[in-house]
Amino acid sequence: MSAPASPPQAQARSKRRPLLSLYSVALTMIVILVLVALAAPLIAPYDPLGQDILQRLKGPSSAHWLGTDQLGRDVLSRIIYGLRSSLSISASAVFVAFLGGSVLGLLAAYYRGWTERIIMRLMDVLFAFPVMLLAIGVIAVMGPGAVPTAAAIAIVYTPIFARLLRGPALVVAESDFVLSARSIGASDLRIILHHILPNLVSVILVQFSLLLSSAILVEASLSFLGLGTQPPTPSLGMMLSEGRNFLFLAPWAAIFSGVAILIVAFALNLFGDALRDDLDPRLRQS
Amino acid sequence: MVFLRRLRGRLIDLAFVIAGVSVLVFGFIRMIPGDAVAIMLGANAEVTPERIAAVRTRLGLDLPIHEQYVAWLSDVLRGDFGVSIWTGKPVIDEIAAHVWPTLQLTLLALATAVILAIPLGILMARLRGRRGEALVQAGSVVGLTVPPFWLGIIMILTLSAVAPGVQMLGYVPFSQDPLGNLARLILPAIALSLPIMANLARLLRSTLLEAMQQDYIRTARAKGVPARRVLYRHALRNALIPFITSVGIMAGYLLGGAIVIEQVFAIPGLGRLILGAIAERNYPLIQATILLVTCSFVFVNFAVDVVYALIDPRISE
């Protein structure tokens, strides 16, 4: 589940400097991680699938910085590619959840009445399932793999975005500038896209990065269980689970893939956290 | 009165959620693409159309969909969750045989998290505005995001280097060997509890800081109550209310985490059961596990909500 850190509290923030620096640390980390993921084919020192059986289970060395796994594959290269697949699965999942959730949340807030009741009841039902269990259910239906993993995460996070956007959207929908836009004949869609949504960008960005952080962990958990990305495609969770079998011979694969998961999840969570603390206080009251 | 009105509202919510969950879980087997029964029976040479038809009838899959739902629901309400595709035994028995390790692990992790989060949260609140604050904040985010299954592996690795021969894996029932039971569960419980602990400590910190700005705190200070007493008696008591509410929500997270960490420590709990069920496509077992666990999760949160309304004077009076 998303470690939904502390709720937005109205705290008088007297000293902003330390948070801003954490924020820039997090942002720098995210930029580097994304660049590494994007440039994986350019910077990975070896083919992530290339086996070299003579070099199996070797420790970190100048040839293999993070050692090799049970098939002699380079751990660093596999982590770089694993990062790429983790990030792309999680980001597309959270993006789909954002699209679905925001459409539902905005519809509920804008039209009220039965539309709202039905949508929000449905969201309550989805929200009632523990994240891992709903994900396991989706995978039981669709079969293991990267796409079902992304679908499972997207379904689980949709109600979070719907709830998140409905509250502030209700407030904004009643505000003077929306009423005046309506009075000059702006269409519903135009009001939602041009007047309501831009006011919620920072709330969305905070939630997006926090949920992306959680999605990385859920994806890693599912592939650790063998339900996510299937071999031979490298994935961080699967490397951890394979490395576990050689824990006492060659712990590096398990250790370093876990460190990679931690770094990505940490950077995203810290970013969302620092951004939230820095948010416009108007948006904290939801 | 406020309390009763709130209770009624919550009961209505509860009814809707349980009904929705039951429909989704019921629909689950029917959402499997292709013929679920043929898939369940596998690409086995002995699979004949007659056998498929027999299983279909046994599962009630040959009736109209709403009749299937009503039949299924009335079975479930009578405690009949269907039989395992492979063993033919009631799935409820298999769940009962695996639920205790998971439940014990979850509760132990929850207790560890709550017990440690309270002093940690207070400490973090007191560090507010001091020099180390950013570091503490970053540290708490590490706690939030450390994957418990990785932490468990690191623990096994470290402990076996420091104290070789210590039995850390597996499970023995508490009734058989209380000490051995706790000794085996304490490591996974700690690993599992860390994100929750960090989460609860951060929550407590922010609610404490918010409480410290309230009028009643200023009043208490003004009449000369010592700072310590203001913090512990006045601010903490109020800050604990949201803390308690989120403990209920954490239960669901812990349960999911337990499923994963059971694999690391070779604990024969619900995680092993449900993963085995997925591998052998034992859909009735998966269905019953999801239904039972989700419903208990919903009821726990309902209970927490009622308790919350009872202890919060703004609602209970």
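The values are calculated or read from the model by the stated rules, or taken from the named source; none is laboratory data. All values derive from a computational prediction rather than experimental measurement. Glycine also receives a Cβ, built like all others from the backbone with ideal geometry; neighbour counts cover every protein chain displayed.
Before moving on, here are some points about what is shown:
- Going through (1) over 30 Å from B:L159 (Cα atoms); (2) modelled with pLDDT of 80 or more one by one, A:F224 falls short only on (1).
- Complete set of residues in the stretch B:71-102 that are within 23 Å of B:E262 (Cα to Cα) and either assigned to a loop (DSSP other than H, G, I, E, B) or not acidic (D, E) (or both): B:S84, B:V91, B:I92, B:I95, B:A96, B:A97, B:H98, B:V99, B:W100, B:P101, B:T102
- Pairs with Cβ under 8 Å, 6+ apart, first in the stretch B:74-87 and at negative phi, second of a type in the set (S, T, N, Q) and in a loop (DSSP other than H, G, I, E, B): B:S84/B:N282; B:I85/B:N282; B:W86/B:N282
- For the stretch B:164-196, residues that are of a type in the set (A, V, I, L, M), modelled with pLDDT under 80 and more than 14 Å from B:A266 (Cα to Cα) total 1.
- Counting only helices (runs of 4 or more DSSP H) that sit wholly inside the stretch A:1-111, those with at least 1 residues that are away from chain B (no Cβ under 14 Å), modelled with pLDDT of 80 or more and closer than 25 Å to A:A135 by Cβ are A:17-38, A:75-111.
- Scanning the stretch B:220-235 for residues that are over 18 Å from B:I122 (Cα atoms) and among the charged types (D, E, K, R) returns B:R221, B:K223.
- Taken together, B:T106, B:T87, B:T102 contain a single residue that is among the polar types (S, T, N, Q) and surrounded by fewer than 13 Cβ atoms within 10 Å (Cβ to Cβ), which is B:T87.
- Among the criteria (1) away from chain A (no Cβ under 12 Å); (2) touching a residue at least 40 places away in the same chain (Cβ under 8 Å); (3) out of contact with any Pro (no Cβ under 7 Å at 6 or more places or on another chain), the one B:L179 does not fulfil is (2).
- Selection status of B:L157, surrounded by 12 or more Cβ atoms within 10 Å (Cβ to Cβ), assigned to a loop (DSSP other than H, G, I, E, B) and within 14 Å of chain A (Cβ to nearest Cβ): no
- Residues of the stretch A:223-250 classified as part of a helix (DSSP H, G or I), over 24 Å from B:E280 (Cβ atoms) and of a type outside the set (G, A, S), total: 3
- Of all residues in the stretch B:210-223, those that are farther than 28 Å from A:D277 by Cα have Cβ atoms under 7 Å from Cβ atoms of residues that are surrounded by 12 or more Cβ atoms within 10 Å (Cβ to Cβ) and of a type in the set (V, I, T), 6 or more apart or on another chain, in B:A220/B:V230.
- Top-ranked residue in the stretch B:113-136 [being within 25 Å of A:A260 (Cβ to Cβ) and free of Cβ contacts under 8 Å to residues at least 12 places away in the same chain; ranked as surrounded by the fewest Cβ atoms within 10 Å (Cβ to Cβ)]: B:L135
- The lone exception for A:I191 - which of (1) part of a helix (DSSP H, G or I); (2) within 13 Å of chain B (Cβ to nearest Cβ) it fails: (2)
- Residue in the stretch A:194-204 that is in contact with a Ser or Thr (Cβ under 6 Å, 6 or more places away or on another chain), in a helix (DSSP H, G or I) and more than 10 Å from chain B (Cβ to nearest Cβ) present: no
- Within the stretch B:161-174, considering residues that are without any contact (Cβ under 8 Å) to a residue 40 or more places away in the chain and farther than 16 Å from B:H98 by Cβ, the one surrounded by the fewest Cβ atoms within 10 Å (Cβ to Cβ): B:G165
- A search for C-beta distances below 6 Å between a residue of the stretch A:118-129 that is within 15 Å of B:L14 (Cβ to Cβ) and any residue that is of a type in the set (F, W, Y), counting only pairs 6+ apart in sequence or on different chains, returns A:R121/B:F16.
- Any hit, the stretch A:103-124, residues being touching a helix residue (DSSP H, G or I) at 6+ places or on another chain (Cβ under 8 Å) and of a type in the set (K, R): yes
- Just one residue in the set A:L179, A:L217 is over 28 Å from the mean Cα position of the chain (by Cα) and in a helix (DSSP H, G or I); that residue is A:L179.
- Subset of the stretch B:279-296 (residues that are among the hydrophobic types (A, V, I, L, M, F, W, C) and either surrounded by 21 or more Cβ atoms within 10 Å (Cβ to Cβ) or modelled with pLDDT of 90 or more (or both)): B:L285, B:I286, B:A288, B:I290, B:L291, B:L292, B:V293, B:C295
- If you go through the stretch A:180-194 and keep only what is under 16 Å from A:V103 (Cβ atoms) and crowded, with 16+ Cβ neighbours inside 10 Å, you end up with A:I191, A:I192.
- A:G100 crowded, with 24+ Cβ neighbours inside 10 Å and touching a residue at least 40 places away in the same chain (Cβ under 8 Å): no
- Hits in the stretch B:72-82 - residues which are surrounded by 14 or more Cβ atoms within 10 Å (Cβ to Cβ) and either under 29 Å from B:V172 (Cβ atoms) or of a type in the set (D, E) (or both): B:D80, B:F81
- Taken over the stretch A:233-265, the criterion of being among the β-branched types (V, I, T) and either closer than 20 Å to A:R56 by Cβ or away from chain B (no Cβ under 11 Å) (or both) is satisfied by A:T233, A:I255.
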